[in-house]
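Peer 1: Following this message is one structure expressed as structure tokens.
The values are calculated or read from the model by the stated rules, or taken from the named source; none is laboratory data. Given the structure is predicted, the values throughout are model-derived calculations rather than measurements. Using ideal geometry, Cβ is built from the backbone for each residue, glycine included, and neighbour counts are taken over all protein chains shown. Note: accessible area is taken over every heavy atom of the protein model, side chains too, but ligands, DNA and RNA are not part of it. Shrake-Rupley method; radii C 1.70, N 1.55, O 1.52, S 1.80 Å.
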Amino acid sequence: MSAPILLVANRGEIALRVIRAARGLGLGTVSVYSEADADLPHAQAADRSVCIGPARAQDSYMNIPAILAAARETGATLIHPGYGFLSENAGFAQAVREAGLVFVGPDPEHIRLMGDKHNARTAALAAGVPVLPGTGRLPDDPALWPSLAEAVGFPLLVKAVAGGGGHGMRVVEDPAALVEAIAQVRQVAARAFGDDGAYLERFLSRARHVEVQIFGFGDGRAVHMFERDCTLQRRHQKVVEEAPAPGLPDPVRAAMAEAAVRLATSIGFAGAGTVEYLYDPVTADFFFLEMNTRIQVEHPVTEMVTGTDLVAAQIRLAMGQAVAEDLRQDRLAITGHAIEARIYAENPEKRFLPSPGPLDRLELPQGEGLRVECGYGQGDLVTPHYDPLVIKLIAHGADREQAIARLLDALDRLRIEGIRTNAAFVGALLVDARFATLQHDTRMLDRG
């Protein structure tokens, strides 16, 4: 009997990561690629590969009929969405199931629930998870907005109901800027998500961003794999992530994890997910932000401190294998510290504008405690069509200081020519006194 075949509906480093996990489980693999990505490593790495359309993401990596056709053509029975693109698209998950295939991810209803940020807040409240003061979906009449904002309090965030990943939100410090900010967020949301719904939420100006990795078994049980700190962000986009969260009081750490598990079990969640919080280090309070129903870009730091393979666990659960015994809460523990840097093709000297072009030179560092995830090889072209992430450098050490030192050494040995990157910028962040002494917050990079 031939092995099951898994198709990866994604590109770049995450496609390679999923292929690696699938092969480790003895599965056949299929990669898909756009015309612009025909020469990239992920298009060559699988047992079979299928071109699913032109460069534009809507015509390729978000083209549901083309992806399903590729599965039929290759005999794939499982589809893993990776992150981004269709990974949190409930319609895609449903279409995969209706085609008689296995979606490696949660139930479509859970993707839909957590994809609507207002409904996600409601679910969090019902599970006893702390949430920031906020509103429901805003009415269409702008005359009603000021009184709703006043009840929430300033500063506040205008957030798209269907948003996520830092997209579709805007900080409002002054009541005079409220109406314009809501109108702009709704306009962006309609274009990006097909839903112009927005809501208001209190904004913590000096918060840290801490998230808990959970894994649900779909039967009302779930475990947590501890937390990550993702505070270093630029315009709501994560740049550096680490695990465990440094300087977090043990009672807060435990309460965050317990709340995340409560939320996952309350909805019967299945698979890998992340419950994200804002943490106020002054009051030691934490508040629910959102729940992501997919594997995260930063999942390697959790894998390195826990010794787990989250992607393999996703695949095994989707195949109906018994995963719960291997992921028993009493057997999960943290060893050391891990930190990840995202290296983007962007120019920090020009307001971080994308810097596409050929990778004339690409030499990746190697060393003890170092993991490198890269979706490109030397000579490949970084195009302007997709997210500019080129490399993830992840370092593990006995403690935070050693992990940071190893990451700094890896950055120093990384060689990239042909494009501009944020590597030097990230290196400067790692030695910033505010980061070293845990005085950083989510707005540090935007303040300069």
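Peer 1: Being farther than 30 Å from Pro281 by Cα and surrounded by 22 or more Cβ atoms within 10 Å (Cβ to Cβ) is the filter here, so list the residues in region 176-196 that pass it. Step through it out loud before you land on a result.
Peer 2: Going residue by residue through region 176-196, those that are farther than 30 Å from Pro281 by Cα are 179-180, 183-184, 186-196.
The one that is farther than 30 Å from Pro281 by Cα and surrounded by 22 or more Cβ atoms within 10 Å (Cβ to Cβ): Ala189.
Peer 1: Of all residues in region 313-343, count the ones that are open to solvent by less than 30 Å² (accessible area, probe 1.4 Å) and farther than 28 Å from Ala123 by Cα.
Peer 2: 8
Peer 1: For the subset of region 301-312 comprising residues that are part of a helix (DSSP H, G or I) and hydroxyl-bearing (Ser, Thr, Tyr), which member is least open to solvent (accessible area, probe 1.4 Å)? If you could, list the steps in order and put the result at the bottom.
Peer 2: Here is the first cut: in region 301-312, the ones part of a helix (DSSP H, G or I) are 301-306, 310-312.
If we keep only those that are hydroxyl-bearing (Ser, Thr, Tyr) as well, we get 302, 306.
Values: Thr302: 1, Thr306: 25 Å².
Taking the candidates together, the pick is Thr302.
Peer 1: Please count how many residues of region 382-441 are aliphatic (A, V, I, L, M) and farther than 19 Å from Arg351 by Cβ. Quick ask: steps written out before the conclusion?
Peer 2: Taking region 382-441 as the starting set, the residues that turn out to be aliphatic (A, V, I, L, M) are 382, 389-391, 393-395, 398, 403-405, 407-408, 410-411, 414, 416, 419, 423-424, 426, 428-431, 433, 436, 438.
Keeping just the survivors that are farther than 19 Å from Arg351 by Cβ gives 391, 393-395, 398, 403-405, 407-408, 410-411, 414, 416, 430-431, 433, 436, 438.
Total satisfying the criteria: 19.
Peer 1: How about region 268-311: which of its residues are under 20 Å from Gly163 (Cα atoms) and either out of contact with any strand residue (DSSP E or B) (no Cβ under 6 Å at 6 or more places or on another chain) or acidic (Asp, Glu) (or both)? Even if it seems obvious, please write down each step before you answer.
Peer 2: Step one: list which residues in region 268-311 are under 20 Å from Gly163 (Cα atoms), which gives 272-278, 287-298.
The answer is Glu276, Glu290, Arg294, Val297, Glu298.
Peer 1: Restricting the search to region 3-45, which residues are in a loop (DSSP other than H, G, I, E, B), of a type in the set (D, E, K, R) and surrounded by fewer than 18 Cβ atoms within 10 Å (Cβ to Cβ)? Before you say what the answer is, go through the steps one by one.
Peer 2: Pass one, region 3-45, residues in a loop (DSSP other than H, G, I, E, B): 3-4, 9-11, 25-27, 38-40.
Among the residues that remain, those that are also of a type in the set (D, E, K, R) are: 11, 39.
The one that is in a loop (DSSP other than H, G, I, E, B), of a type in the set (D, E, K, R) and surrounded by fewer than 18 Cβ atoms within 10 Å (Cβ to Cβ): Asp39.
Peer 1: Just checking, which of Leu381, Leu353 is under 20 Å from Ala424 (Cα atoms), aliphatic (A, V, I, L, M) and surrounded by fewer than 20 Cβ atoms within 10 Å (Cβ to Cβ)? Write out each step before concluding.
Peer 2: On the way: Leu381 fails: under 20 Å from Ala424 (Cα atoms).
Matching residue, one of Leu381, Leu353: Leu353.
Peer 1: Now for a different question. Please verify whether Ala245 is crowded, with 20+ Cβ neighbours inside 10 Å, among the aliphatic types (A, V, I, L, M) and at pLDDT 95 or above, treating the condition exactly as stated.
Peer 2: So Ala245 fits the description; yes.
Peer 1: Another question, if that's okay. Residues that are of a type in the set (Lys, Arg) and modelled with pLDDT of 95 or more: find the helices (runs of 4 or more DSSP H) completely inside region 387-448 holding 1 or more of those. Steps first, please.
Peer 2: Details: elements: 400-413, 423-430, 433-436, 444-447.
Here the list reads 400-413, 433-436.
Peer 1: For residues in region 152-175 being surrounded by 21 or more Cβ atoms within 10 Å (Cβ to Cβ) and β-branched (Val, Ile, Thr), which is nearest to Phe286 (Cα to Cα)?
Peer 2: Taking the candidates together, the pick is Val158.
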